[in-house]
Amino acid sequence: MIYNYLIFNLSRFLYIFLPIGKTRFFNILIRLSKNNWRYSYYGVKIINQKITDLTYRLSLGGGYGNFYFSYLNKFKKKFIFLDIGSNLGIYSLISNKNSYCKYILAFDPLPNIKGIIMKNFSLNKVNGKFYNIGIYKKNIKKKFYVSKNHSGKSSIIKSKDTNDYIFAEFRNYLFLKKIIKNLKKERFVVKVDVEGVEEDVIKELIKSDILKNTHSIFIEIQNKNLKKKKANLVKLLKKNKFVLKEFIEPHDYLFEKLQKTP
């Protein structure tokens, strides 16, 4: 819709000149959009959700910053994007805009996120598949603690940000091996946002053999025991020939695989 695109361009143009409050301003102005969807600051369409969900507001108004957005836009090799802890799928949608992205595999255990991400995939004509499961060291249905006002903070681990729980499905590396059995020669770009169980997920990725053909891994590491978690992940990934390429404050890390020298 041309009207929504005009509102998007106006919102982004004014966003540039604000010294503070950029995300909040964008979210207010973009509400002038019509129908049941809006353009995100990141240039993708997302279905309308409750504005009380901080994850939605951050995805809509550019609250996750520009680093990984720019990285995915500028990646110039053919790749498959693995979005582990996708929530509404903002990074899957961004990857889909890159003509070098061949396919998307997105995972999230929140039962009520399925309808949202599937609508977002449809709106943006995403070439990919969503799995309504989490990646974990066991095939199990277990408690998953949720945050009513910040769905992206939901986690296996109970925290001050969560206020209830549901039961969600989780699968281990064998499920991943099954999914990629015909994709073993493809290049993967991986994003992991799993609210405290990053190390468990990386270990499952290693056992699945996905990391053998992975170019980069973008990980959000939760603040609790941050120093120890970072050290453990750096050590684990170093064993698999990945180096820490970039730290993006306050808690995002980009690892890239060491390239073979001729």
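The values are calculated or read from the model by the stated rules, or taken from the named source; none is laboratory data. Fair warning: this is a prediction, and the values are worked out from it, not measured in the lab. Glycine also receives a Cβ, built like all others from the backbone with ideal geometry; neighbour counts cover every protein chain displayed.
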(request) Sort through LYS78, LYS97, LYS74 and tell me the only one that's in contact with a Lys or Arg (Cβ under 6 Å, 6 or more places away or on another chain), farther than 26 Å from SER154 by Cα and modelled with pLDDT of 95 or more. (result) LYS78
(request) Within the range 146-186, track down each residue that is more than 18 Å from LEU88 (Cα to Cα) and of a type in the set (Asp, Glu). (result) ASP161, ASP164, GLU186
(message) Going through LEU226, LEU254, LEU205, LEU236 one at a time, which residue ends up being in contact (Cβ under 8 Å) with a residue 24 or more places away in the chain, surrounded by 20 or more Cβ atoms within 10 Å (Cβ to Cβ) and either of a type outside the set (Asp, Glu) or over 20 Å from ASN172 (Cβ atoms) (or both)?
(response) LEU205
(message) If I go through the range 64-96 residue by residue, how many of them are within 16 Å of ARG187 (Cβ to Cβ) and among the small types (Gly, Ala, Ser)?
(response) 1
(message) Testing TYR68 on (1) in contact with a Phe, Trp or Tyr (Cβ under 6 Å, 6 or more places away or on another chain); (2) exposed (fewer than 15 other Cβ atoms within 10 Å of the Cβ), one condition comes back false. Which one is that?
(response) (2)
(request) Residue by residue through the range 172-193, note down the ones that are in contact (Cβ under 8 Å) with a residue 40 or more places away in the chain and either outside any loop (DSSP other than H, G, I, E, B) or over 21 Å from the mean Cα position of the chain (by Cα) (or both). (result) PHE175, LEU176, ILE179, PHE188, VAL189, VAL190, LYS191, VAL192
